[in-house]
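Here's the structure we're looking at; comments come further down.
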Amino acid sequence: FLSFFCAFLTFLFAFLLPLFFFHLPTDVMMVTPWLAPIVWNGTFDIDILNAQFHKRDVHIGLTVFALKKYTVFLENFIETAEKYFMVGHKVHYYVFTDRPQDIPSLSLAEGRTLDVTEVTSYKRWQDVTMRRMQIISENCLQRFIFEVDYLVCADVDMIFSDHVGVEILSDVFAAIHPGFFQANRKKFTNERRPRSHGFIPKDEGDYYYTGLASFCHNAMMADKVKKWRYFLYYKPTKVLSPEYVWNNYYGSSVYVPSKRFVHVEKDYVRIRSD
Ligand code: UDP
Ligand code: MN
């Protein structure tokens, strides 16, 4: 009996307790089939990474679009980014808007700057969201490559609620959609109509990428930035777990102990109306 009991205790301590206390995902992928790391909580040492990136004095750009009624999201977005996004590093916010007069003046920590660029808007929200990639690629060669080493592109209807740091940076990276990280690729809702710009063939599409994506300027060839299908044909060198783009619609998940960057709930009809 005693040896049975000891074996049971060993099992408990070695395998079960760590699961409860450390919440390390054990049955999610940590590396993609093309050997890009998937960034999960607990897989990196931020102090080592920070030291490495400080040595290189990296400058990180964060692009965000706030057109029409979406300007209401900007203040919370920037304020939470000041608390959680790349703290201690050089950060350039690039805000694109059609309503520069509605952009509040925000105080930023040392080493961080914000500039506002006026852009024209479109009537249809689909055109607004599609036009973002075009504006980003136009600005790549004109400004970004001179001003930043990495560029992060985010939706504005989001808030940072936990650390998002240099662990996300890589040549080309993207976050997995929170509803899809365990899903089979047949369930992906990627556009399937062949004539659409976002078309992804049925048996392709490795993960379902979303709301937060980025490029290091070495990899940032303006003509390749055009579409989000980019990630299908040019595999990301790092993939971010859903911690990095969470939606409370999915509630909570044992796999996602920290929700680092979270969708703000919005009234779609009202916010997208003129
Ligand atoms: N956007 C905007 N004004 C609009 C529609 C969209 O500024 O009228 C920008 C904004 O940055 C937003 C992004 O496009 O976060 C994507 O649109 P949305 O967040 O509505 O898409 P969802 O996340 O709901 O798929
Ligand atoms: Mn959004």
Top-ranked residue of the stretch 237-270 - restricted to ones that are open to solvent by 30 Å² or more (accessible area, probe 1.4 Å) and among the hydrophobic types (A, V, I, L, M, F, W, C), ranked as farthest from PHE73 (Cα to Cα): VAL254
All helices (runs of 4 or more DSSP H) inside the stretch 25-144 with 2 or more residues being buried (at least 18 other Cβ atoms within 10 Å of the Cβ) and modelled with pLDDT of 95 or more: 74-84
Residue tally, condition closer than 14 Å to ALA175 by Cβ and part of a helix (DSSP H, G or I), over the stretch 250-270: 1
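Conditions tested, residue by residue: (1) farther than 27 Å from ASP47 by Cβ; (2) in contact with a helix residue (DSSP H, G or I) (Cβ under 9 Å, 6 or more places away or on another chain); (3) within 16 Å of ligand 2 (Cβ to nearest atom).
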| position | (1), (2), (3) |
| --- | --- |
| LYS68 | yes, yes, yes |
| PRO100 | yes, no, no |
| ALA109 | no, yes, no |
| GLU118 | yes, yes, no |
| SER121 | yes, yes, no |
| MET133 | yes, yes, yes |
| LEU141 | yes, yes, no |
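The values are calculated or read from the model by the stated rules, or taken from the named source; none is laboratory data. If you're wondering where the values come from, they're calculated on a predicted model, not measured in any experiment. Reconstructed Cβ throughout: ideal geometry from the backbone, glycine too, with neighbour counts over all protein chains shown. To get the accessible areas, we keep the full protein, side chains included, count just its heavy atoms, and leave off ligands, DNA and RNA. Shrake-Rupley method; radii C 1.70, N 1.55, O 1.52, S 1.80 Å.
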